[in-house]
Amino acid sequence: MEENRCKFWLPKKNRFCANSPLNDSQFCGNHKPRSIEQWIPCPIDPSHSVLKENLESHVKRCPLLKQAQSLSLQPFYQKGINAGKEEEEEDNVSSEMKRSAVYSMTVTQFCKLINKIESVHASTCKDIWESYKAPEACNMWIKREVDRKLPFQEKHVAQQASILGNLEDFGVIKSSVGSKEADSQGFCSDDSNFVHAVVEFGAGRGYLTQMLADCYGFDRVFLVERKSYKLKADRSLRQKESLILERLRIDIEDLNLNAVESLRGIPYLAIGKHLCGPATDLTLRCCLSEQCNQGSVQDCRSNANLKGLAIATCCHHLCQWKHYTNRKFMSDLGITKGQFHAMTWFTSWAVDADHGSDLPDITDCSLQLQSIEEKQCFGDIHGVEDVVRNIKPVERAVLGFKCKQIIDVGRMMWAKEHGLDTQLVKYVPSGISPENHLLLARHAKCL
């Protein structure tokens, strides 16, 4: 009997697996060793993978099949509408591919790239300042005077409050605290740019919108999220009188916001906390149709409905050239596609260091590169991998932050080119979150 059992040892049970082995293996189907190459993303939903040999049968019974079929029938679903235009179809460039490309550079090429990053940062990232806010309107959350059943983490509340405080300071939303002329929803009654709706992108459980609704008030709430979550804020939001909540379970890449019937013609605010990698670029395109620049009256009119925007960016190491909004900005600075992907890989260094204390604002990279080149001459350094290993973690972190800022400045410039007033600020200290960039924008008339 033992010979007819799977040969996979179960240490916790102190025995072999009791399943029968496959005909061509000593192991059962659950424990048969497989290489990574045998797993591929599911074509229905790439968030999970499937074995190549099981792909045909999986597609027919994928749990997300019905949802995908239902979504394709929605008027606001348009495959890849916000993906960006690329001359040639290309797959995403993984972190491993980016790292390999960097390590395949010569030391001279690597040093030139670092010098270029330093030069570009010095010329383009001058107007990024600290803007830590704790608005009085959010005191009920800051002092934890909300429903005790709602999840509470001080660092997340601080981030959410600062996002809303920066929106208030930027003139996009208004607080009713201390204002006799403000209505019950926290907006001045004579405000011609009254914002009726909020759209939260990458909403997750929706607690940024929950705080916004509690402290400032809105008529309509749209939560855009491709995944399903438990413990959502939806139940609490639905208990609010006169508030209409709609959750759109869709990838931002495929969302045609102009086709959402219940939002059509309504002034709205777009927000997002920690929109990972290309999700920020997808959101910008979703809110600001590129066809407006091409003379489409309908798309320009829909762009005018966007009254304000606040996106806390993060995970720049996931950014892709094919999705990035302002490729022209990078190209004009002499940064190629390959160098852009190298920069995105460098951004991961920003979150590797200890951020308990403030990082130095400026490092003299030229002296360090000179030292590296001298070591190369003496044969102490044999490649870029050795160079990276010799750079101090705090100095790598500074370089990573500079790359993040360049990427986000390009996004800010793109929004500005689409008729918005823009700002890029650090909205919390790096000790709370090293992912602390906040992109703010408002319609030029929303003053």
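The values are calculated or read from the model by the stated rules, or taken from the named source; none is laboratory data. Just so you know, these numbers come straight off a predicted model, no measurement behind them. Every residue, glycine among them, receives a Cβ derived from its backbone with ideal geometry; neighbour counts consider all protein chains shown. These accessible areas exclude ligands, DNA and RNA; they are computed on the full protein's heavy atoms, side chains included. Shrake-Rupley method; radii C 1.70, N 1.55, O 1.52, S 1.80 Å.
Of the residues in region 199-215, how many are in contact with a strand residue (DSSP E or B) (Cβ under 7 Å, 6 or more places away or on another chain), surrounded by fewer than 24 Cβ atoms within 10 Å (Cβ to Cβ) and assigned to a helix (DSSP H, G or I)?
Summing the residues that are in contact with a strand residue (DSSP E or B) (Cβ under 7 Å, 6 or more places away or on another chain), surrounded by fewer than 24 Cβ atoms within 10 Å (Cβ to Cβ) and assigned to a helix (DSSP H, G or I) in region 199-215 gives 1.
Hey, residue 231 hits all of (1) part of a helix (DSSP H, G or I); (2) open to solvent by 10 Å² or more (accessible area, probe 1.4 Å); (3) at pLDDT below 95 but one; which does it fall short on?
With (1) part of a helix (DSSP H, G or I); (2) open to solvent by 10 Å² or more (accessible area, probe 1.4 Å); (3) at pLDDT below 95 applied to residue 231, the lone miss is (1).
Any idea how many residues of region 48-89 are within 30 Å of residue 326 (Cβ to Cβ), open to solvent by 40 Å² or more (accessible area, probe 1.4 Å) and part of a helix (DSSP H, G or I)?
0
Please go through (1) of a type in the set (A, V, I, L, M, F, W, C); (2) under 22 Å from the mean Cα position of the chain (by Cα); (3) modelled with pLDDT under 95 for residue 173 and return the number of the only condition it doesn't satisfy.
(2)
Take the residues of region 90-139 that are hydrophobic (A, V, I, L, M, F, W, C) and assigned to a loop (DSSP other than H, G, I, E, B): which is modelled with the lowest pLDDT?
93
Within region 309-328, track down each residue that is buried (at least 21 other Cβ atoms within 10 Å of the Cβ) and in a helix (DSSP H, G or I).
316, 317
Quick one: in region 1-21, which of the residues that are assigned to a loop (DSSP other than H, G, I, E, B) and touching a helix residue (DSSP H, G or I) at 6+ places or on another chain (Cβ under 9 Å) is nearest to residue 51 (Cα to Cα)?
Per the criteria, the residue is 21.
Which of the residues that make up region 207-216 are in contact (Cβ under 8 Å) with a residue 40 or more places away in the chain and of a type outside the set (D, E, K, R)?
207, 208, 209, 210, 211, 212, 215, 216
Taking region 117-130, which residues are closer than 19 Å to residue 428 by Cβ and either touching an Asp or Glu at 6+ places or on another chain (Cβ under 7 Å) or among the charged types (D, E, K, R) (or both)?
127, 130, listed by residue number.
So, residue 202, is that one within 25 Å of the chain's Cα centre (by Cα), on the phi > 0 side of the Ramachandran plot and at pLDDT 90 or above or not?
So residue 202 passes the test.
What is the one condition in (1) more than 23 Å from residue 333 (Cα to Cα); (2) out of contact with any Cys (no Cβ under 7 Å at 6 or more places or on another chain) that residue 113 does not satisfy?
(1)
Take the residues of region 272-308 that are among the basic types (Lys, Arg) and part of a helix (DSSP H, G or I): which is modelled with the lowest pLDDT?
Checked region 272-308; the qualifying residue modelled with the lowest pLDDT is 301.
Pick from region 214-239 the residues that are in contact with a helix residue (DSSP H, G or I) (Cβ under 9 Å, 6 or more places away or on another chain) and of a type in the set (A, V, I, L, M): which of them is farthest from residue 67 (Cα to Cα)?
The residue in question is 237.
For the condition modelled with pLDDT under 80, among the charged types (D, E, K, R), open to solvent by 80 Å² or more (accessible area, probe 1.4 Å) and assigned to a loop (DSSP other than H, G, I, E, B), what is the one hit in 24, 45?
24
Out of curiosity, is residue 218 in contact with a Ser or Thr (Cβ under 7 Å, 6 or more places away or on another chain), buried (at least 16 other Cβ atoms within 10 Å of the Cβ) and within 17 Å of residue 160 (Cβ to Cβ)?
no
Take residue 168 and tell me if it is of a type in the set (Asp, Glu) and modelled with pLDDT of 90 or more.
Yes.
Sort through 158, 101, 134 and tell me the only one that's touching a His at 6+ places or on another chain (Cβ under 8 Å) and either open to solvent by 20 Å² or more (accessible area, probe 1.4 Å) or under 20 Å from residue 426 (Cα atoms) (or both).
That would be 101, the only listed residue that is touching a His at 6+ places or on another chain (Cβ under 8 Å) and either open to solvent by 20 Å² or more (accessible area, probe 1.4 Å) or under 20 Å from residue 426 (Cα atoms) (or both).
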